Amino acid sequence: MSIETLQEQVDGLMEKYTELLLGDSNDELKEKVKLWAMYTHLSKTMPPLAKHWNQTYPEAKDAMKELVSEIKTMNEEHRKSQENSKSD
């Protein structure tokens with residue numbers, strides 16, 4: 001399988017994941033979810049690296065915290081809207 005084919009298929013996966021997670025998918029949301037997923041995974045699997053990055057780039061750390069909060073809020077809103085539509 002070529003890297004281009006793999007990239008296309010992973011892009012499709014990311015689009016669907018973003019849609020299921022947030023209730024919508026566009027290029028900006030997909031990029032936010034990619035950053036969120038990568039950082040979340042990295043912080044759990046290599047905490048010293050995440051800590052080093054956070055100390056080296058405090059502004060980026062703050063931006064990442066905002067992004068994590070935004071994704072969490074969007075996910076919670078999406079879940080609530082799904083629950084409300086099920087109860088109707």
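Kindly establish whether SER2 is farther than 25 Å from LYS80 by Cβ, at pLDDT 95 or above and in contact with a helix residue (DSSP H, G or I) (Cβ under 8 Å, 6 or more places away or on another chain). So SER2 fails the test. Within the stretch 31-51, being open to solvent by less than 90 Å² (accessible area, probe 1.4 Å) and among the hydrophobic types (A, V, I, L, M, F, W, C) holds for VAL33, LEU35, TRP36, ALA37, LEU42, LEU49, ALA50. Here the stretch 45-88 is the region considered, the condition is being more than 19 Å from the chain's Cα centre (by Cα) and under 21 Å from LYS16 (Cβ atoms), and the residue that is modelled with the lowest pLDDT is LYS86. In summary, LYS72 fulfils each of the numbered conditions (1) open to solvent by less than 90 Å² (accessible area, probe 1.4 Å); (2) assigned to a helix (DSSP H, G or I) with the single exception of condition (1). Selection of the stretch 13-30 for residues being open to solvent by 40 Å² or more (accessible area, probe 1.4 Å) and part of a helix (DSSP H, G or I) yields LEU13, GLU15, LYS16, TYR17, GLU19, LEU20, ASP27, GLU28. Candidates LEU42, LEU29: the one that is in contact with a helix residue (DSSP H, G or I) (Cβ under 8 Å, 6 or more places away or on another chain) and either of a type in the set (Lys, Arg) or within 18 Å of LYS16 (Cβ to Cβ) (or both) is LEU29.
The values are calculated or read from the model by the stated rules, or taken from the named source; none is laboratory data. From a predicted model like this one, the values you see are computed outputs, not experimental measurements. Ideal geometry is used to build each Cβ from the backbone, glycine not excepted, and the neighbour counts take in all protein chains shown. Side chains are part of the model used for accessible areas, which takes the heavy atoms of the whole protein and leaves out ligands, DNA and RNA. Shrake-Rupley method; radii C 1.70, N 1.55, O 1.52, S 1.80 Å.
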